[in-house]
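Scroll down for the structure; my scribbles are underneath it.
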Amino acid sequence: MAESVTLISQYFYPETAATAQLLTELAVELCQRGMNMVVYTAQPSYHCRKRLPKKEILHGVRIHRLFSTQFGKKRLHGRLLDGITFSIAVFFKLLLSRQRGILLATTNPPFLIWVVLFISILRKRKYVVLIHDVYPDVAIKLGYMSEKGVITRIWRWLNKHSYKRARAIVVLGEEMRRIIQQAGADPSKIHVIHSWADGSLLYPQKKDKNPFVKQHGLEGKIVVLYSGNLGQAHDLESLVEAADQLRDLQELVFLFIGEGAKKEKLVSMVREKGLVNVVFLPPVPYEELRFSLPAGDIGVVTLERGVEGLCEPSKLYAYLAAGLAILALVGRSSEVARIIEMHKCGFRVDQNDGRGVVEVLRRWMVNRDEMEEMKHRARKCFEQHYDKRIAIGKYLELLRTL
């Protein structure tokens with residue numbers, strides 16, 4: 001009889017968020033490798049609010065879409081309410097369910113790990129925690145919560161007990177491992193499994209044969225690409241400042257692909273400075289990433305100061321798969337910095353260091369061979385360490401041992 005795993009996440013297929021795409025790939029791959037996969041998710045709210053069937057089967061994965069509000073991610077209170085209502089729906093679904101097997105609970109939203117804690121007590125269900133973002137720490141660093149507030153203390157107390165009762169805890173990097181261990185988790189339960197990309201879908205391409213390049217007039221350009229959520233946890237203003245200082249380099253283009261809380265501010269900055277070397281495009285469908293990502297030469301990864309280890313940008317692995325040199329605006333302790341240093345596939349500069357960004361880009365514009373060598377190393381390190389088959393294999397091994 002196949003092992004049964006119930007994956008719980010607010011974001012799943014057909015959402016366009018990176019987390020949803022990764023979890024969809026995880027569920028489908030585990031199902032194809034012999035596991036009985038069930039998913040509890042919400043109705044779409046990330047970029048659209050289209051109502052989908054409550055039950056659906058995707059490549060053998062049984063999807064159950066539970067009730068939640070659909071305010072979306074643009075307003076904090078609406079996003080919070082979406083997460084709370086979905087978590088309540090999950091609790092009652094699990095409480096009344098006769099299914100057995102492992103629960104795999106994500107931190108999307110962060111309240112889910114409390115839900116499975118209570119279900120574990122009430123229904124004796126075993127669970128694994130998959131941490132994408134460390135809460136409440138991210139909210140504290142971004143100024144949404146107080147470090148010493150009552151809610152913070154209760155939150156951390158619940159987290160500690162959720163970690164204690166979990167059969168295993170999956171984190172995305174070594175710094176996150178350290179943080180979760182300090183939060184009271186048993187070190188023997190913590191497993192580092194990086195995010196990934198699909199190397200059969202994303203790979204380097206010649207630009208003269210890339211339809212995305214031709215469609216958007218990028219022929220003959222060196223493209224500095226940021227693709228993903230234009231959110232509050234990312235230092236994106238430094239890129240616009242760098243574009244202002246590098247407007248003399250006509251071959252250099254800054255391309256932003258995505259939506260998010262900071263987009264309006266960034267567009268306003270570009271308009272005020274009169275920049276013609278910055279382009280904004282909406283998110284592209286998942287199947288078109290194989291053209292949009294290789295259209296870049298330099299992939300930008302950013303994190304606001306202080307959130308290193310609390311969240312890890314999954315876009316890094318897509319850039320590596322597409323063979324882009326990496327420009328990272330991150331702290332020294334981040335997993336991104338560690339990977340770049342280990343594999344010599346890019347440069348790291350401190351957040352808000354616009355001068356550092358300019359220096360790196362001018363260096364690459366002068367020394368194209370160095371940039372091309374880093375692009376080659378990016379793909380090589382991806383194939384050796386961060387391809388989808390490697391990560392899925394680690395999840396399969398972990399879940400089967402439980």
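A few remarks follow.
- Cα long-axis angle, helix 112-123 against the chain (0 to 90 degrees, to the nearest 10): 20
- Our compactness index for region 1-128, the C-alpha radius of gyration over the empirical 2.2 N^0.38 Å, is 0.99.
- Relative contact order (%) - the chain, alpha-carbon pairs under 8 angstrom, separation at least six: 13
- Too-long pairs where the Cα-Cα distance tops 23 Å, listed order kept, from 263/388; 160/394; 124/164; 50/315; 315/375: 263/388; 160/394; 50/315
- Summary of packing: across the peptides 315-325, 197-207, the per-residue average of other C-beta atoms within 10 Å ranks them, highest first, as 315-325, 197-207.
- Relative exposure of 382, 118, judged by other C-beta atoms within 10 Å (fewest first): 118, 382
- The convex hull defined by the C-alpha atoms of region 264-342 has an orientation-averaged projected area of 6.5 nm².
- Distance between modelled label sites at residue 98 and residue 84, nm, 7 Å Cα→Cβ extension: 3.4
- Counted charge near residue 321, where neighbours are those whose Cβ lies closer than 14 Å (Asp, Glu -1; Lys, Arg +1): +4
- Helix axis angle, 368-381 relative to the chain longest principal axis, alpha carbon, degrees: 20
- For residue 221, the aspartates and glutamates whose Cα comes closer than 19 Å to its Cα, not counting residues fewer than 8 places off in the same chain, are 208, 244, 248, 251, 297, 359, 369, 370, 372, 373.
- Among 191, 282, 236 the positive-end extreme of the charge dipole of region 177-292 (Cβ point charges): 191
- Sequence of 176, 269, 365, 35 once ranked by neighbouring C-beta atoms within 10 Å, starting from the fewest: 365, 269, 35, 176
- Beta bridges by DSSP in region 12-67, antiparallel share as percent, to the nearest 5: 45
- DSSP finds beta bridges in the chain, and of those with both partners inside it, around 10 percent are antiparallel.
- Ellipticity estimate at 222 nm from DSSP helix runs (n ≥ 4, -39,500 (n - 2.57)) divided over the chain, nearest 500: -12500 deg cm²/dmol
- Relative packing of peptides 295-305, 24-34 - highest average C-beta neighbours within 10 Å first: 295-305, 24-34
- Relative compactness, the chain, computed as alpha-carbon Rg over 2.2 N^0.38 Å: 0.98
- The C-alpha atoms of the chain define a longest principal axis, and helix 18-32 lies at about 60 degrees to it.
- Qualifying trypsin sites (Lys or Arg not before Pro) in region 52-137, DSSP loop, other Cβ atoms within 10 Å at most 15: 54, 74, 75, 98, 100, 124, 126
- In this rough spin-label picture, where each label sits 7 Å from Cα along the Cβ direction, the residue 4-residue 33 distance is 2.1 nm.
- With a cut-off of 12 Å between beta carbons, the residues surrounding residue 376 carry a summed charge of 0, where Lys and Arg count +1 and Asp and Glu -1.
- When the alpha carbon gyration tensor of region 207-386 is reduced to an equivalent ellipsoid, the three semi-axes, largest first, read 21, 20, 17 Å.
Just so you know, all these numbers are worked out from the coordinates, no wet-lab data involved. Everything numeric in this text was worked out from a predicted model, so none of it was measured. Every residue, glycine among them, receives a Cβ derived from its backbone with ideal geometry; neighbour counts consider all protein chains shown.
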